[in-house]
Amino acid sequence: MQQKTLLWISASALLFMSVTQSTEAQIKSKGLDSSTAVKKSKHAPQLTEYELMWKTIETHGKVEFQIGGKKVKLKKRFDVGEEPYFNAFEEGLTPGVYTYQIKFIPNQLQKDRDRFRDDVNQRKDLLKLREKKMQQGDKEAAKELLQKANELRNSAAQQMTKMQKENKYDFITKTGRIIVDKDGAIKEFDEKKLLQEAARRDKEEKRKKALEREEEPGTDT
């Protein structure tokens, strides 16, 4: 799977205002408990008050994480054995809606990269040894070393081409959206519910204004 470019979400004015102005009220109305971990599907994050956390995957040790919003683009990398997490409070994110992407990198890709790097380094060593043999006047040994170095070069080039063309690596990529409130706490983002809530508040506001107009005293003539 080819790496996809992360799409940063720019919420509509109505939605953005509904999130940033009264996030806590919206969360309470949904009955969400920020201290309770939520897990919806495989490889989905554990959601706590200030953090998104993922379990490590044995076959995909390294992890890349990105999160973006208005004027914000952060990246984090995790090595083999490290549990991926993101803390909105530590990163100082301002209130709003953010989009994240987490990519679990297959171990096979790292193995192939390491093998390619080893071939390149070995070729460099062979060329250095060849240079010494040339200085010593041992042309036959220098010729053999050059041949081995060229074989390694061709092998590494074929390996790199194969890695690029076959595209055989099984990346695990997940994306999602979160709400960060004024205290830096993370909340679950549900666009449908937020839009419904914004529409409900708009309808209620219009109803109140209509009642106020009806209750206004008439003007004596």
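Before moving on, here are some points about what is shown:
- Test: residue in region 111-133 that is open to solvent by less than 100 Å² (accessible area, probe 1.4 Å) and under 30 Å from ALA44 (Cα atoms): yes
- For first residues located in region 65-88 and over 14 Å from THR175 (Cβ atoms), partners that are of a type outside the set (Lys, Arg) and open to solvent by 100 Å² or more (accessible area, probe 1.4 Å) and lie 6+ apart or on another chain with Cβ distances below 8 Å form the pairs LYS70/SER10.
- Selection of helices (runs of 4 or more DSSP H) fully inside region 1-96 by the criterion of at least 1 residues being open to solvent by 90 Å² or more (accessible area, probe 1.4 Å), modelled with pLDDT under 90 and over 16 Å from GLU188 (Cβ atoms) returns 13-21, 88-91.
Residues checked against (1) exposed (fewer than 13 other Cβ atoms within 10 Å of the Cβ); (2) free of Cβ contacts under 8 Å to residues at least 60 places away in the same chain; (3) not in a loop (DSSP other than H, G, I, E, B):
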position: GLN135; (1), (2), (3): yes, yes, yes
position: GLU151; (1), (2), (3): no, yes, yes
position: ALA156; (1), (2), (3): no, yes, yes
position: GLY176; (1), (2), (3): no, no, yes
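- The set of residues in region 137-149 that are open to solvent by less than 100 Å² (accessible area, probe 1.4 Å) and either assigned to a helix (DSSP H, G or I) or under 14 Å from ASP119 (Cα atoms) (or both) comprises ALA141, ALA142, GLU144, LEU145, LEU146, ALA149.
- The set of residues from region 184-214 being assigned to a loop (DSSP other than H, G, I, E, B) and either basic (Lys, Arg) or at pLDDT 80 or above (or both) comprises GLY184, ALA185.
- For region 57-75, the tally of residues that are closer than 15 Å to PRO106 by Cα and of a type outside the set (Asp, Glu) stands at 7.
The values are calculated or read from the model by the stated rules, or taken from the named source; none is laboratory data. Computed from a prediction, not measured in an experiment: that's the story for all the values here. Counting neighbours? That spans all protein chains shown, and the Cβs are built from the backbone with ideal geometry, glycine included. Just the protein is used for accessible areas: all its heavy atoms, side chains included, with ligands, DNA and RNA removed. Shrake-Rupley method; radii C 1.70, N 1.55, O 1.52, S 1.80 Å.
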